[in-house]
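Engineer: Before we start, here is the structure in question, set down as structure tokens.
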Amino acid sequence: AVAAPVSNGTTLAGIHRGFLSLYRRGKTSRIPRMVAGSTYGKNPIVHSFLKDLPHCVDLAPSSIRETPTNEPLINWHSIDGDQALAAIRKTNGWAADASDKAMRDTARMLRDREGLNVLPAST
């Protein structure tokens, strides 16, 4: 599996396209599962996957609340949402979301275990 944070879906769709190209050229034997992660309730790709919708649907812009933690992940409209959603489904992957608290807790755990500075400057 290859996991990536999603906002617009461009990165995940591009990663999938890259693996598809490698597979078609015989450079890899399979395409890994694509996994999308984003902030809780504020990403159209994850929302559409969890609701099993056929296409990536926009969220109400008024429902989006930006925080220092979720800022790079939130979006009411994902430019490449349909491509990212298709990549997840074609590879039997999945999408999930996490609260700001869960993301901060995980960042702290990674910092404590790995010695990395992965916390936003404001925490």
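Engineer: Using a 1.4 Å probe and counting only protein heavy atoms, arrange Val35, Val57 so the residue with the most accessible area comes first.
Structural biologist: The ranking, largest first, comes out as Val57, Val35.
Engineer: Counting only residues 5 or more places away or on other chains, whose amide H sits under 5 Å from the amide H of Ala95 once H atoms are built in the peptide plane?
Structural biologist: The answer is Ala36.
Engineer: Still on this model: Evaluate the charge dipole of segment 5-121 about its Cα centre and quote only its size in Debye, nearest 20, assuming +1 on the Cβ of each Lys and Arg and -1 on the Cβ of each Asp and Glu.
Structural biologist: So the magnitude is around 620 debye.
Engineer: Can you give the calculated 222 nm mean residue ellipticity of the chain, where each DSSP H run of n ≥ 4 adds -39,500 (n - 2.57) and the sum is split over every residue, rounded to the nearest 500 deg cm²/dmol?
Structural biologist: Taking each H run of at least 4 residues, the total per residue is -12000 deg cm²/dmol.
Engineer: Moving on. Sticking to Cα atoms, compute the Rg of the chain to one decimal and its Dmax as the biggest Cα-Cα distance, whole number, in Å.
Structural biologist: Answer for the chain, Rg first and Dmax second: 15.4, 46 Å.
Engineer: Net charge around Asn8, counting only other residues with Cβ within less than 14 Å of its Cβ (Lys, Arg = +1; Asp, Glu = -1)?
Structural biologist: Computed value for this residue: -3.
Engineer: What part of the accessible area of segment 53-94, given as a whole %, is carbon or sulfur when the probe is 1.4 angstrom?
Structural biologist: Carbon with sulfur: 57 percent of the solvent-accessible area.
Engineer: So what J values fall out for segment 63-78 if you push phi through Karplus, 6.51 cos²θ - 1.76 cosθ + 1.60 with θ = phi - 60°, rounded to Hz, Gly and Pro as x?
Structural biologist: Result, rounded to whole Hz: 8, 8, 10, 7, 10, x, 7, 8, 3, x, 10, 6, 5, 9, 9, 10.
Engineer: Give me the percent relative contact order of the chain, please, defined on Cα pairs under 8 angstrom at least 6 residues apart.
Structural biologist: Once normalised by length, the contact order is 31 percent.
Engineer: Next question, about the same structure. Going by amide H atoms built from the backbone, whose H comes under 5 Å of the H on Thr28, apart from near neighbours?
Structural biologist: Distant-sequence amide H within range of Thr28: Tyr23.
Engineer: So which chymotrypsin sites (Phe, Trp or Tyr not before Pro) in segment 6-109 pass both tests, a DSSP loop state and at most 15 other Cβ atoms within 10 Å of the Cβ?
Structural biologist: Trp76
Engineer: Need the C-alpha centroid separation for segment 7-38 versus segment 55-96, integer Å.
Structural biologist: Centre-to-centre distance over Cα atoms comes out at 17 Å.
Engineer: Considering only Gly18, Ile45, Val35, whose Cα is most displaced toward the positive end of the charge dipole of segment 7-55, charges sitting on Cβ of Lys, Arg (+1) and Asp, Glu (-1)?
Structural biologist: Going by the Cα projections, it comes out as Gly18.
Engineer: For Ile64, enumerate residues with amide H under 5 Å from its amide H, sequence gap 5+ or separate chain, H modeled in the peptide plane.
Structural biologist: Amide H neighbours of Ile64, under 5 Å, 5+ apart: none.
The values are calculated or read from the model by the stated rules, or taken from the named source; none is laboratory data. These figures come from a predicted structure and were not determined experimentally. No Cβ is skipped: glycine too gets one built from the backbone with ideal geometry, and neighbour counts run over all protein chains shown. For the accessible areas, the whole protein counts, side chains as well, though only heavy atoms, and no ligand, DNA or RNA atoms are used. Shrake-Rupley method; radii C 1.70, N 1.55, O 1.52, S 1.80 Å.
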